[in-house]
């Protein structure tokens, strides 16, 4: 849902998620951007096609047309390259918009996140990453730092501006407030008991705002 002239550009097909993010620096050597893009696109393809437990560096190297040594030069594990593939694909599509209206910003970003999870391979991939992270402490830490905390940092800034402008209560615990909005999205994503719909996002943000408002 979009308000006040804010336009959404969230992709609605798997191909739209390819090659969107910037190449990241590797472990000691500058990455070739074309090779990095090929590896990350191939990784997303494999993650969509099969369970992360079947995702191997050997299969990735074959699909991307590179050597295993090239992949290991830039990523320490299959979980690390899988996470980079996910972030590279999804990060550009879930920003907060440039608007001072709190509800507009919240609906826009939450709607973008839900559509990416619902209409692209990202929903499948994030479920696989979270499952793998239960037995891979390094992946769990990287996922929290690079995905969860990065998103929450952006959210905190939006919530603080809303507090300063009087749109939400000044005495709120921001961590709980953010969980109130985004917790239901991840619950539906993981439990799959109900669909992630646009109406669901509208309802969650509207209900949350009632509790957050001054």
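The values are calculated or read from the model by the stated rules, or taken from the named source; none is laboratory data. All figures in this text were calculated on a predicted structure; none of them were measured in a lab. Every residue, glycine among them, receives a Cβ derived from its backbone with ideal geometry; neighbour counts consider all protein chains shown.
Only a single criterion out of (1) free of Cβ contacts under 8 Å to residues at least 12 places away in the same chain; (2) closer than 30 Å to residue 213 by Cα is not satisfied by residue 103, namely (1). Exactly one residue out of 122, 89 is modelled with pLDDT under 95, under 23 Å from residue 33 (Cβ atoms), assigned by TED's automatic domain parsing to the domain that holds residue 203 and in contact with a helix residue (DSSP H, G or I) (Cβ under 6 Å, 6 or more places away or on another chain): that is 122.
All of 157, 162, 213, 140 fail the test of being over 16 Å from the mean Cα position of the chain (by Cα) and surrounded by 15 or more Cβ atoms within 10 Å (Cβ to Cβ), apart from 162.
Please determine, by comparing only the residues of region 193-203 that are under 19 Å from the mean Cα position of the chain (by Cα) and assigned to a helix (DSSP H, G or I), which one is nearest to residue 162 (Cα to Cα).
Of the residues in region 193-203, the ones under 19 Å from the mean Cα position of the chain (by Cα) are 195-198, 200-201.
With assigned to a helix (DSSP H, G or I) added as a condition, the list becomes 198, 200-201.
Values: 198: 23, 200: 22, 201: 19 Å.
Per the criteria, the residue is 201.
Checked against the criteria, residue 81 counts as outside the structural domain of residue 153 (by TED's automatic domain parsing), in contact with a helix residue (DSSP H, G or I) (Cβ under 6 Å, 6 or more places away or on another chain) and either part of a helix (DSSP H, G or I) or surrounded by fewer than 21 Cβ atoms within 10 Å (Cβ to Cβ) (or both).
Selection over region 31-56 of residues that are buried (at least 18 other Cβ atoms within 10 Å of the Cβ) and part of a helix (DSSP H, G or I) gives a count of 11.
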